[in-house]
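See structure below.
Since every read-out is calculated from the coordinates, none of them should be taken as a lab result. All values reported here derive from a predicted model rather than from experimental measurement. Ideal geometry is used to build each Cβ from the backbone, glycine not excepted, and the neighbour counts take in all protein chains shown.
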């Protein structure tokens, strides 16, 4: 029985490794939006740099949402592909409770290898540091095809992660210092 369990486990691990390798070799063709955010030095003004990667058919769009409870001003700073992307921003309105939007529309059939950036300044009225946002993939009639979250380009470890790392290194250090009793 133990032999059958070990054989099943080995084959299961080999299958998982193969599928993981295939996902790495052949990444998805779908549009992905990642971001970097940094403080501009002005009180509540932050700068988002969005990275758009992947296929986007003609007149399809990516719509990033800026909740009116957390943002009060949007200003486009840089469009990395003026001939390929049309960028439009609408302001959040707290009175009407309307979210702000950054809509990036493809002016051509953009291939799976497409990679470009759009930079925008925002006034952040939320607590702490601005983070991920909801975004929508729209077809050429502006119907929502998918709703996703932006992902940080370089993940920033949480304080708990650092604490766990330091505690683990401390335990390793203590373990190495104790003499082994025979």
> Roughly speaking, what is the stretch gain from residue 88 to residue 75, that is 0.36 nm per residue apart minus the C-alpha to C-alpha distance, in nm to one decimal?
Replying inline: 3.7 nm
>> Per-residue counts of other Cβ atoms within 10 Å, averaged by peptide: what ranking do you get for 76-87, 99-110, highest first?
In response: 99-110, 76-87
> Once label points are set 7 Å from the Cα along Cα→Cβ at both residue 58 and residue 125, what is their separation, rounded to one decimal in nm?
Replying inline: 4.1 nm
> How do 172, 95, 120 line up, fewest other C-beta atoms within 10 Å first?
Replying inline: 95, 172, 120
>> Can I get the semi-axes of segment 32-152's equivalent ellipsoid? Compute them from the C-alpha gyration tensor as square roots of 5 times the eigenvalues, in angstrom, largest first.
In response: 24, 16, 12
>> Can you give me the C-alpha center-to-center distance between segment 113-141 and segment 64-78, rounded to a whole angstrom?
In response: 8 Å
> Distance in nm between label sites at residue 162 and residue 38, each 7 Å beyond Cα in the beta-carbon direction?
Replying inline: 1.9 nm
